[in-house]
Amino acid sequence: MNLEQPCIRISVRNLVEFILRHGDIDNRTGGADKEAMQQGGRIHRKIQRQQGAEYRAEVPLRYQIPCDGFILSVEGRADGIIELPKRVVIDEIKGMYTDISRLEEPIEVHLAQAMCYGYFYCCDKDLDGIRLQMTYCNLETEEIKRFQTDRSREELETWFSGVVHEYFKWARYLYHHELTRDASIGHLEFPFPYRAGQRDLVVSVYRTVSRKKRLFIQAPTGIGKTLSTVFPAVRAIGEGKGDKLFYLTAKTVTRTVAEEAFRILRDHGLIFTSVTITAKEKLCPMDECECNPDACPYAKGHFDRVNEAVFDILHLEQEMTREKILQYAEKYRVCPFEYCLDISSWTDGIICDYNYVFDPNVYLKRFFQEGIKGDVRLKRYFADGQKGDYLFLVDEAHNLVSRAREMYSAELKKEDLLTVKRLVKQKAPRLEKNLEKCSQVMLGMKRECETWQLLSDP
């Protein structure tokens, strides 16, 4: 194996969730899933501590596969490895709020993770077979249920080869697209004669990216700020100084300007994919955004079709605007918004609102939680590994002050409090009493506010 070859890395979790995903979008259980993920770390550690001395926790494992011109590296951490005298056990721990007593067999994607780790360990230690153990724990009751199955190395190899075979076309796309993209960037020149001060701006942005610093720019309208910042950022990516470019805006009109900047560079030879992320309400083809298979035909079977839809648009389009997203989503009958987010994992650039990066309730967790760069997965989160090297161009950054106040401020309305109080009056007298106390506190705040004055800046 030539270790000097380029390496495309993906986590075990991301690989199996991406390749094996199927079925419907159903946000009716989404809240519980998010909370389970937050509580999962705690229950993992508790279960691991309860095991014997022969239990090794959080064991890093990796399997590398030579491909045509690059190496595919599948990586992750086994929750636990138990080395018994006659058998090695791979332990995969999952916390959930579901009633685990109703589980009759392991969930497919969970078992798939254990099978990957089992195969990697068999290869590392030259074992003929291994035992896979799924440990499910209810996060409320801490009830535990385990499933065990023995698999031969040959079985695991056949299964893993099938999964990797499905991913090869995606890995090849990443590798060959990057080669083509970087070659086009190498020949790219600024598309117009420089205006006054424009060259200095381009140079400053490029140096800032190269030095991994921050740059604040104030320039008059008409100097060409968008193109003068996008161009050097793209050049930097072509030279390996960044993985992905985010262009963040507060207004639809500036998103259009960013799209035009990329369009101009493409007209001058650039090969660079970009996607514009639009709010769910503006993309949803239904009258109501009810993301479940009972209410939406696009949600039903979405995951059965979305991978093909993503692969298609990546090979036919470079600029993925709202109109293009809707066109392809209709063709494949997939949810346009979720489709758009899936596409974003594969593009070189993302044009989106501030919220998708800065708002803790909205942001693209697939990029900004821990993860392995180049990953793609079902949910908006990365699993194990390192963060990507991303470049951010923030248009009209002064708007972030007021926007941040909205993002990081909580709001509680007295009217809502009184509504809840009325609803629980007969069923929960104690809760009603506490809500009344809150109401009185808020009433006192309201009276104080009546005597306050807002003073303008001198």
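Brief remarks follow.
- Both radii come from the Cα set of the chain: Rg as radius of gyration, Rh as Kirkwood radius; their ratio Rg/Rh reads 1.02.
- For the chain, complete DSSP H runs whose alpha carbons reach 15 Å or more along their own long axis and whose mean Kyte-Doolittle score is -0.5 or higher are 108-125, 198-210, 225-238, 252-267, 302-316, 414-424.
- Cβ-based net charge around residue 421, under 15 Å, with every Lys or Arg adding one and every Asp or Glu removing one: +4
- Report summary: the helix-based calculation at 222 nm, which adds -39500 (n - 2.57) for every DSSP H run with n ≥ 4 and divides by the residues of the chain, gives -14500 deg cm²/dmol.
- Farthest toward the positive end of the dipole of the range 7-168, out of 18, 67, 121, is the Cα of 121, where the dipole comes from beta carbon charges about the Cα centre.
- Contour minus Cα-Cα distance for residue 68 and residue 45 (0.36 nm per residue): 4.3 nm
- Pairwise centroid distance, computed over Cα atoms, of the range 100-143 with the range 241-268, Å: 44 Å
- Sites residue 264 and residue 20, calculated FRET efficiency, Cβ-Cβ separation with R0 45 Å, nearest 0.05: 0.65
- Were the residues from residue 290 through residue 123 laid out at 0.36 nm apart, the gain over their Cα-Cα distance would be 55.5 nm.
- Annotation for the range 289-361: GluC sites (Glu not before Pro) lying in DSSP loop with at most 15 further Cβ atoms inside 10 Å of their Cβ are 290.
- Sites matching trypsin sites (Lys or Arg not before Pro) across the range 241-308 that sit in DSSP coil, with at most 13 neighbouring C-beta atoms within 10 Å: 251
- Stokes-Einstein diffusion for the range 7-168, with the hydrodynamic radius set to the Kirkwood value over Cα pairs and evaluated at 37 °C in a medium of 0.692 mPa s, equals 197 µm²/s.
- Of the GluC sites (Glu not before Pro) found in the range 73-122, those in coil by DSSP whose Cβ has at most 16 other Cβ atoms within 10 Å are 104.
- Estimated dipole of the range 102-155 in Debye, rounded to 20 [Cβ of Lys and Arg +1, of Asp and Glu -1, Cα centre]: 80 debye
- Antiparallel DSSP beta bridges within the chain, percent to nearest 5: 45 percent
- Near residue 292: Cβ cut-off under 12 Å, other residues only, Lys/Arg at +1 and Asp/Glu at -1. The net charge is -3.
- Cβ-Cβ FRET estimate between residue 165 and residue 213, R0 fixed at 45 Å, reported to 0.05: 0.55
- Longest exposed-site-free window of the chain, the sites being chymotrypsin sites (Phe, Trp or Tyr not before Pro) in a DSSP loop that have at most 12 other C-beta atoms within 10 Å: 1-215
- Efficiency of FRET from Cβ geometry, residue 282 and residue 107, R₀ 30 Å, rounded to 0.05: 0.30
- Charges were assigned to the Cβ only: +1 to each Lys and Arg, -1 to each Asp and Glu. The resulting dipole of the chain about its Cα centre is roughly 1480 debye.
- The modelled label-to-label distance between residue 405 and residue 441, using points 7 Å beyond Cα along the C-beta direction, is 2.3 nm.
- Potential lengthening between residue 420 and residue 452 on full extension [0.36 nm per residue; Cα-Cα distance subtracted]: 8.6 nm
- Of 413/446; 46/145; 300/331; 169/282; 282/331, pairs whose Cα-Cα distance is over 21 Å: 169/282
Computed from the coordinates by the stated procedures, all read-outs in this text should not be read as laboratory data. Since we're looking at a predicted model, the values are computed, not measured. Cβ atoms come from the backbone with ideal geometry, glycine included; neighbour counts cover every protein chain shown.
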